[in-house]
Amino acid sequence: MMAAFTLAHLSDPHLPPLPAPRLSELMSKRALGYLNWTRNRHKYHRREALDALVGDLKAQTPDHIAVTGDLTNLALRAEFAPAARWLQSVGSPADVTAIPGNHDAYVRATSHCFGEVFADYFRSDAASEAKFPSLRRRGPLALISLSTAVPTPPLFATGRLGRAQLEALQALLEGLAAERLFRVILVHHPLRSKSHIKRLTDAADLIAILRRHGVELILHGHDHVHSTMWVDGPDGRIPAIGVPSASALAHGHHPAAAYNLFAIEPEGNGWRCEQIVRGLDDTMRVVELHRVPLM
Ligand SMILES: [Fe+2]
Ligand SMILES: [Fe+2]
């Protein structure tokens with residue numbers, strides 16, 4: 001029997017440390033974000049936590065790694081080069097797929113930077129242009145990347161897919177329908193949210209497309225917590241899995257950094273998929289926290 005394909009998922013590294021912003025860069029929504037970073041967030045997003053997590057992840061030798069956004073904090077120009085170096089240390093564009101989060105498009109002035117700096121990490125196979133949705137095939141997987149990253153007003157962390165991306169996604173799923181693939185959606189925002197100011201504003205449209213066309217798995221970040229939700233597909237429920245921030249120390253209701261491994265193999269007419277959760281313990285060691293069959 002063919003060995004299972006292993007997909008690793010981490011999210012929201014919010015790469016520390018934050019470079020000092022120029023004064024001109026603070027004349028925006030960033031002023032509040034910078035205050036938040038200097039008062040709070042720098043205490044909880046730690047490079048040593050991120051390094052421990054990525055070291056453990058690489059030791060597991062997954063077949064592919066998905067990174068679902070918020071690589072940066074305020075999308076300062078000076079944040080993108082260190083974020084790119086960090087992602088290169090995680091793996092090559094052949095082995096890693098990365099999508100943007102709301103923090104990577106924090107203000108309009110730099111909202112194009114993610115697409116320029118990380119194009120090789122989401123560009124569709126054999127495509128010249130890098131745009132969303134994108135499709136990358138790895139083993140039995142079809143990795144479908146979406147972008148919900150749009151600049152928002154101060155205090156808002158909402159996301160939006162937009163009509164063009166939703167229509168292209170629908171066409172993409174129609175094109176894949178005849179193939180036997182384990183389809184994975186990568187999206188920064190969760191499909192359901194209790195928070196009006198953190199939600200994906202057109203989630204209902206995405207949920208409607210998934211109900212008609214289905215996928216096998218949805219991976220997201222943004223909430224910085226362990227999360228399993230289920231959305232309806234044409235042949236049953238689809239698991240939607242969220243992970244904590246990959247650089248986090250436990251604080252408030254946010255758990256310490258963790259990542260998921262998904263061991264995927266065909267079974268009968270369907271699939272077997274086991275989720276293995278690994279994360280930091282109190283001593284900064286990465287341990288297995290949980291293991292559960294998803295299908
Ligand atoms: Fe985040
Ligand atoms: Fe986010």
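Going through segment 45-62 one residue at a time, which ones are open to solvent by 40 Å² or more (accessible area, probe 1.4 Å) and of a type in the set (A, V, I, L, M, F, W, C)?
Ala59
Please go through segment 85-110 and give me each residue that is surrounded by fewer than 17 Cβ atoms within 10 Å (Cβ to Cβ) and part of a helix (DSSP H, G or I), ordered by number.
Of everything in segment 85-110, those that are surrounded by fewer than 17 Cβ atoms within 10 Å (Cβ to Cβ) and part of a helix (DSSP H, G or I) turn out to be Arg85, Gln88, Ser89, Arg108, Ala109.
Name the residues in segment 63-84 that are crowded, with 21+ Cβ neighbours inside 10 Å, assigned to a loop (DSSP other than H, G, I, E, B) and of a type outside the set (Val, Ile, Thr), would you? Talk me through it step by step, then tell me what you get.
Taking segment 63-84 as the starting set, the residues that turn out to be crowded, with 21+ Cβ neighbours inside 10 Å are 64-76, 79, 83.
From the residues that got through so far, the ones that are assigned to a loop (DSSP other than H, G, I, E, B) too are 69-76.
Once the filter is applied, which keeps residues that are crowded, with 21+ Cβ neighbours inside 10 Å, assigned to a loop (DSSP other than H, G, I, E, B) and of a type outside the set (Val, Ile, Thr), segment 63-84 yields Gly69, Asp70, Leu71, Asn73, Leu74, Ala75, Leu76.
Just the residues that are in a loop (DSSP other than H, G, I, E, B) and open to solvent by 10 Å² or more (accessible area, probe 1.4 Å), please, taken from segment 178-190. Working first, answer last.
First, the residues of segment 178-190 that are in a loop (DSSP other than H, G, I, E, B): 178-181, 187-190.
Hits for segment 178-190 are Ala178, Glu179, Arg180, Leu181.
Taking the stated definitions as given, is Arg199 open to solvent by 20 Å² or more (accessible area, probe 1.4 Å) and either at pLDDT 95 or above or within 16 Å of ligand 1 (Cβ to nearest atom) (or both)?
Working: open to solvent by 20 Å² or more (accessible area, probe 1.4 Å): yes; either at pLDDT 95 or above or within 16 Å of ligand 1 (Cβ to nearest atom) (or both): yes.
Yes; evaluated as a whole, the condition is true for this residue.
Determine whether segment 268-275 contains at least one residue that is of a type in the set (S, T, N, Q), surrounded by 14 or more Cβ atoms within 10 Å (Cβ to Cβ), away from ligand 1 (no atom under 16 Å from the Cβ) and part of a strand (DSSP E or B).
Start the filter on segment 268-275 by keeping residues that are of a type in the set (S, T, N, Q), which leaves 269, 275.
Now restrict to residues that are surrounded by 14 or more Cβ atoms within 10 Å (Cβ to Cβ): 275.
Next, from what is left, pick out any that are away from ligand 1 (no atom under 16 Å from the Cβ): 275.
Cutting the leftovers down to part of a strand (DSSP E or B) gives us 275.
Within segment 268-275 (the criterion being of a type in the set (S, T, N, Q), surrounded by 14 or more Cβ atoms within 10 Å (Cβ to Cβ), away from ligand 1 (no atom under 16 Å from the Cβ) and part of a strand (DSSP E or B)), the answer is yes, since at least one residue qualifies.
In segment 111-133, which residues are modelled with pLDDT under 95, of a type in the set (S, T, N, Q) and open to solvent by less than 60 Å² (accessible area, probe 1.4 Å)?
Result: Ser111, single match.
Name the residue, out of Glu216, Glu274, Glu288, that is under 18 Å from Arg180 (Cα atoms) and among the charged types (D, E, K, R). Write out each step before concluding.
Values: Glu274 fails: under 18 Å from Arg180 (Cα atoms); Glu288 fails: under 18 Å from Arg180 (Cα atoms).
From the options Glu216, Glu274, Glu288, the qualifying one is Glu216.
Mind listing whichever residues of segment 221-248 are closer than 16 Å to Ser195 by Cα and in a strand (DSSP E or B)?
Start the filter on segment 221-248 by keeping residues that are closer than 16 Å to Ser195 by Cα, which leaves 221-225, 227, 229, 242.
Ser227, Met229, Gly242 - these are the residues of segment 221-248 that are closer than 16 Å to Ser195 by Cα and in a strand (DSSP E or B).
Here are some residues: Thr97, Thr110. Which one is away from ligand 1 (no atom under 16 Å from the Cβ) and under 17 Å from the mean Cα position of the chain (by Cα)? Explain how you work it out, then say what you get.
Values: Thr110 fails: under 17 Å from the mean Cα position of the chain (by Cα).
Just one listed residue meets the conditions, Thr97.
The values are calculated or read from the model by the stated rules, or taken from the named source; none is laboratory data. What you see is a predicted model; the values in this text were computed from it and never measured. Cβ atoms come from the backbone with ideal geometry, glycine included; neighbour counts cover every protein chain shown. Side chains are part of the model used for accessible areas, which takes the heavy atoms of the whole protein and leaves out ligands, DNA and RNA. Shrake-Rupley method; radii C 1.70, N 1.55, O 1.52, S 1.80 Å.
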